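**Student:** This is the structure I want to talk about, given as structure tokens.
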Amino acid sequence: MISQAVREALQKFVPSENILYKEPLKNHTTFRVGGEADCLIQVDSMERMPKLLSYLAKVGIPFFVMGNGSNLLAGDKGYRGIVLQISDKLNEIKAEGCRLRVQAGAFLSKAAKTACELGLTGLEFAAGIPGTVGGGVVMNAGAYDGEMRQVVEEVLVLDKEGTLLTLDNGTMEFGYRTSVVKKHPLIVAECVFLLKQGNKEEIAAKMADFQSRRKEKQPLEYPSAGSTFKRPAGYFAGKLIMDAGLAGYRIGGAEVSAKHCGFIINRGDASAADIRNLIVYVQEEVYRQFGVQLEPEVLFLGDF
Ligand SMILES: Cc1cc2nc3c(=O)[nH]c(=O)nc-3n(C[C@H](O)[C@H](O)[C@H](O)COP(=O)(O)OP(=O)(O)OC[C@H]3O[C@@H](n4cnc5c(N)ncnc54)[C@H](O)[C@@H]3O)c2cc1C
């Protein structure tokens with residue numbers, strides 16, 4: 001619950017049209033599940049953030065930063081606190097030679113498309129990843145042998161006091177689907193990509209090829225959060241799940257996609273609990289049959 005006093009204070013930091021109370025998270029996650037957040041703020045300016053962050057710290061209200069919610073499983077009971085959504089209200093892209101300076105809320109697909117139009121190569125892998133640049137940086141998103149680590153030169157972040165810091169590629173501690181932002185409460189504000197001059201037609205063809213491979217292999221017609229599990233060393237999660245006989249296995253409205261067993265999909269009426277229970281069931285079965293521990297790549301948010 002957000003008290004009237006807090007509601008009045010929030011309006012001093014953020015335009016009221018960007019503040020949504022009791023906002024269903026299912027409207028903001030690609031799994032299309034999730035109960036209400038007490039409040040969701042659509043961030044449209046990083047300049048306003050320091051004052052907002054220090055106010056939230058002072059009154060002790062927890063917050064969670066989200067991008068496009070494409071790697072999140074939000075609980076059916078929602079989130080007690082404030083979700084700071086950094087998405088399409090902060091999506092500027094500026095080209096500076098071989099560099100693209102991109103605000104955190106810009107979609108990876110938009111950054112990749114801009115790079116292509118400018119004949120810059122390096123971001124082709126990102127064209128089909130349905131997240132923001134901020135979320136991609138946090139997750140070190142990657143596909144088809146490309147990942148953020150290869151193209152990020154530096155990242156502008158806000159720390160929890162609202163101080164703006166510039167972190168170079170090494171300081172970002174990129175690893176498999178992780179970065180320093182997963183370990184410290186930092187907010188990604190902007191990212192500078194360093195790309196290479198390339199051939200526009202070749203870049204476009206590569207992106208189109210990746211897109212059609214996705215369409216062919218992934219259940220893009222259903223809500224999901226992409227690969228549910230990380231790739232375990234020496235194995236492929238999807239193959240293990242298929243070999244465990246779980247293709248098409250359902251709990252409630254959640255299903256192991258028969259098209260790509262690495263994806264859990266929402267058949268339309270899944271609850272977050274259905275999806276979480278299916279994740280646990282798959283983990284148990286794969287461990288029981290093959291002794292391999294699957295770790296979710298999907299992140300859990302709020303109360304289930
Ligand atoms: C159909 C489909 C296909 C996918 N394919 C791929 C793929 O090929 N490769 C891949 O790596 N992923 C893939 N994903 C997963 C997902 O798109 C990526 O992990 C993406 O990078 C998440 O970005 P997001 O903006 O949606 O972040 P969210 O899901 O909103 O958040 C992810 C994490 O980042 C944090 N975060 C987000 N923005 C910020 C910010 N500005 N500052 C600080 N923290 C922030 C959140 O707190 C959370 O911890 C896929 C998902 C779907 C649905």
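For (1) of a type outside the set (Phe, Trp, Tyr); (2) touching a Ser or Thr at 6+ places or on another chain (Cβ under 8 Å); (3) assigned by TED's automatic domain parsing to the domain that holds residue 174; (4) at pLDDT below 95, each residue gets a yes or a no:
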| position | (1), (2), (3), (4) |
| --- | --- |
| 193 | no, no, yes, no |
| 198 | yes, yes, yes, no |
| 210 | no, no, no, no |
| 225 | yes, yes, no, no |
| 234 | yes, no, no, no |
| 239 | yes, no, no, no |
| 244 | yes, no, no, no |
| 257 | yes, yes, no, no |
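**Student:** Within the range 47-64, is even one residue assigned to a loop (DSSP other than H, G, I, E, B), out of contact with any Lys or Arg (no Cβ under 9 Å at 6 or more places or on another chain) and near the ligand (Cβ under 10 Å from one of its atoms)?
**Tutor:** no
**Student:** When only residues in the range 163-185 that are closer than 21 Å to residue 46 by Cα and part of a strand (DSSP E or B) count, which is farthest from the ligand (Cβ to nearest atom)?
**Tutor:** Here the residue is 168.
**Student:** May I pose another question? Could you identify the single residue in 95, 74, 104, 9 that is within 11 Å of the ligand (Cβ to nearest atom) and over 24 Å from residue 266 (Cβ atoms)? Can you show your working first?
**Tutor:** Values: 95 fails: within 11 Å of the ligand (Cβ to nearest atom); 74 fails: over 24 Å from residue 266 (Cβ atoms); 9 fails: within 11 Å of the ligand (Cβ to nearest atom).
Of 95, 74, 104, 9, the one residue that is within 11 Å of the ligand (Cβ to nearest atom) and over 24 Å from residue 266 (Cβ atoms) is 104.
**Student:** Search the range 186-220 for residues being more than 10 Å from the ligand (Cβ to nearest atom), more than 16 Å from residue 123 (Cα to Cα) and not hydroxyl-bearing (Ser, Thr, Tyr), and hand back the single one that is least open to solvent (accessible area, probe 1.4 Å). Talk me through it step by step, then tell me what you get.
**Tutor:** Within the range 186-220, the subset more than 10 Å from the ligand (Cβ to nearest atom) is 192-209, 211-213, 215-217.
Cutting the leftovers down to more than 16 Å from residue 123 (Cα to Cα) gives us 212-213, 215-217.
Narrowing the set further to residues that are not hydroxyl-bearing (Ser, Thr, Tyr) leaves 213, 215-217.
Working: 213: 87, 215: 150, 216: 130, 217: 112 Å².
Ranking the qualifying residues of the range 186-220, first place goes to 213.
**Student:** Okay, moving on. Has the range 261-284 got at least one residue that is in a loop (DSSP other than H, G, I, E, B), touching a Pro at 6+ places or on another chain (Cβ under 7 Å), open to solvent by 10 Å² or more (accessible area, probe 1.4 Å) and not assigned by TED's automatic domain parsing to the domain that holds residue 73?
**Tutor:** Pass one, the range 261-284, residues in a loop (DSSP other than H, G, I, E, B): 261-262, 267-271.
Now drop any that are not touching a Pro at 6+ places or on another chain (Cβ under 7 Å), which leaves none.
For the range 261-284, residues in a loop (DSSP other than H, G, I, E, B), touching a Pro at 6+ places or on another chain (Cβ under 7 Å), open to solvent by 10 Å² or more (accessible area, probe 1.4 Å) and not assigned by TED's automatic domain parsing to the domain that holds residue 73: absent.
The values are calculated or read from the model by the stated rules, or taken from the named source; none is laboratory data. Since we're looking at a predicted model, the values are computed, not measured. Virtual Cβ from ideal backbone geometry, glycine too; neighbours counted across all protein chains shown. In case anyone asks, the SASA skips ligands and DNA or RNA and just uses the protein heavy atoms, side chains included. Shrake-Rupley method; radii C 1.70, N 1.55, O 1.52, S 1.80 Å.
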